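Chemist: One structure, pasted below without further comment.
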Amino acid sequence: MIFPQVTVGALAVCIFLSFTGDVTSFSLHTRNSPKGMLPANVNTSLNKSHGREIFRLASTSSSTSISTSSSSSSSTIISTSTSHSAQEKIKFEMLSTNPLLFSSQKSILSIEECKTLSSWCQSIIQARGGEGNLNNNVLLQGIANQEEGALLLKRLQQILHSDLLGFDENLEEMVIPRYISYDEDEYGADMNMNANASSSSYKYGKEIQNYKVEDILPDGLHVDTNNSKFSRHWTILFYLDTCDTLGATSFPLAEVSLPKDATNVDVDLHVDEEREKMQMQRVAASKLIFEEDIQHTKYADATQDQLSIMRFVDESGLDMIQRQSESESAGQVEMGLRILPRHGHFCLFSSLSDDGYGNPLSFHGAEAMYPGETKSVLTFFYEIPMGTFGSRAELGERAKEREERFFKFHNIKTDG
């Protein structure tokens, strides 16, 4: 498969720093180990020389409890006067409370605008020999030259910054996104499949059961606080293409809080006690590798024991798709979400818990697509400014404050 040049390899053990004007040390703390939750065939004899526990098994990503009862809908309307007429609104829905995860119900940009923006991003990267990505100078130059792609990106930037996240342009610096384009080779996600199988058969037929985890999640799963980016809070994935069946952004460990009218989202509706137990074991495994400061399941320097646990976590994404193919029967929604890309739509999620550490339930990854398919995404990372915290606890407080402002900005009702 041909995938973009993104950093998925060696993830150095993170030394977390406290910022008080000068660089000082960051203290670590220990929690109760989830190791006892893991199945017997997963080796857990990890090196604890730099390890720490991240979560209690029953912990939640935020101390704010969000009401999802019928009396308080999780759907929210956002005014987008920057780019839309006064009559137009953008609707988004909350899909998970742990991690906090939202998805748009209405496009911000049209299909043609997405194509124009994608072509402009590609031209910028190609002009630089395929190296690097977008930056502020390129955007400002494009705006000065009245390039349509640059003007679209500036408009999108303002909508997400001010109208979605509710940031003050004078206080919070706008984010330049990363442009990533995925191109499948002639094999794609069906390298082990019947080449004549229809698209629908992959979703509902027996062929899906023949997938291997490498076929569906070739780049594995990661949390956006990896690569020492420990202050990343919000991430927005803005989709410039549409995928109908595969190619989703997979959140296999997310705790689902799904509105009745949710769109472009696949969840597991099949209740199975054995699989529920397996899911809990995979959540425990994700927290266990966090003890080793591993936040990407393709960590290049992993030991065999770590590889065993990371593969076990990756398999949650494969199992989620296989469960969805087996049954459409109604029931209690379990864990796991797949956000299918659609032109002009976004997915917003938090990577931090309120203790200042990354949230293992935000492990996510890009699914492979069908042969010949392409997918382009703009990724906006919103970090908590370094000068606003001096410890993990304070980082968690800043994240919680931001989330509370977000709820208030959009009049999202919360309990507690």
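Chemist: I need the strands (runs of 3 or more DSSP E) fully contained in the stretch 212-321, keeping only those with at least 2 residues that are buried (at least 20 other Cβ atoms within 10 Å of the Cβ) and at pLDDT 85 or above.
Modeler: In the stretch 212-321, the matching strands (runs of 3 or more DSSP E) lie at 232-239, 249-256.
Chemist: Among the residues of the stretch 394-413, are any in contact with a helix residue (DSSP H, G or I) (Cβ under 9 Å, 6 or more places away or on another chain), over 24 Å from CYS347 (Cβ atoms) and either among the hydrophobic types (A, V, I, L, M, F, W, C) or without any contact (Cβ under 8 Å) to a residue 60 or more places away in the chain (or both)?
Modeler: Looking for residues that are in contact with a helix residue (DSSP H, G or I) (Cβ under 9 Å, 6 or more places away or on another chain), over 24 Å from CYS347 (Cβ atoms) and either among the hydrophobic types (A, V, I, L, M, F, W, C) or without any contact (Cβ under 8 Å) to a residue 60 or more places away in the chain (or both), one finds at least one in the stretch 394-413, hence yes.
Chemist: Sticking with this structure for a sec: If only one of THR68, THR80, THR97, THR76 is under 21 Å from the mean Cα position of the chain (by Cα) and either at pLDDT below 80 or open to solvent by 60 Å² or more (accessible area, probe 1.4 Å) (or both), which one is it?
Modeler: Result: THR76 is the single residue among THR68, THR80, THR97, THR76 that is under 21 Å from the mean Cα position of the chain (by Cα) and either at pLDDT below 80 or open to solvent by 60 Å² or more (accessible area, probe 1.4 Å) (or both).
Chemist: Still on this structure, I have one more. Looking at the stretch 369-390, can you tell me whether even one residue there is under 21 Å from LYS106 (Cα atoms), part of a loop (DSSP other than H, G, I, E, B) and not small (Gly, Ala, Ser)? Reasoning before the result, please.
Modeler: To start, the set of residues in the stretch 369-390 that are under 21 Å from LYS106 (Cα atoms) comprises 375-380.
Filter once more, keeping what is part of a loop (DSSP other than H, G, I, E, B): none.
No, there is no match, as no residue in the stretch 369-390 is under 21 Å from LYS106 (Cα atoms), part of a loop (DSSP other than H, G, I, E, B) and not small (Gly, Ala, Ser).
Chemist: Next question, about the same structure. Hey, any hits in the stretch 363-375 for a residue that's in contact (Cβ under 8 Å) with a residue 12 or more places away in the chain, over 20 Å from GLY166 (Cβ atoms) and of a type in the set (Val, Ile, Thr)?
Modeler: yes
Chemist: Condition test on MET335, is it open to solvent by 50 Å² or more (accessible area, probe 1.4 Å) and either of a type in the set (A, V, I, L, M) or more than 27 Å from GLU169 (Cα to Cα) (or both)?
Modeler: Answer is no for this residue.
Chemist: Continuing with the same structure: Does GLY142 satisfy the condition of being on the phi > 0 side of the Ramachandran plot and among the small types (Gly, Ala, Ser)?
Modeler: In short, no.
The values are calculated or read from the model by the stated rules, or taken from the named source; none is laboratory data. Remember, predicted model here, so these are calculated numbers, not experimental data. FYI the Cβ positions are ideal-geometry reconstructions off the backbone, even for glycines, and counts take in every protein chain you see. Each accessible area value is taken on the protein alone, full model and side chains, heavy atoms only, with ligands, DNA and RNA left out. Shrake-Rupley method; radii C 1.70, N 1.55, O 1.52, S 1.80 Å.
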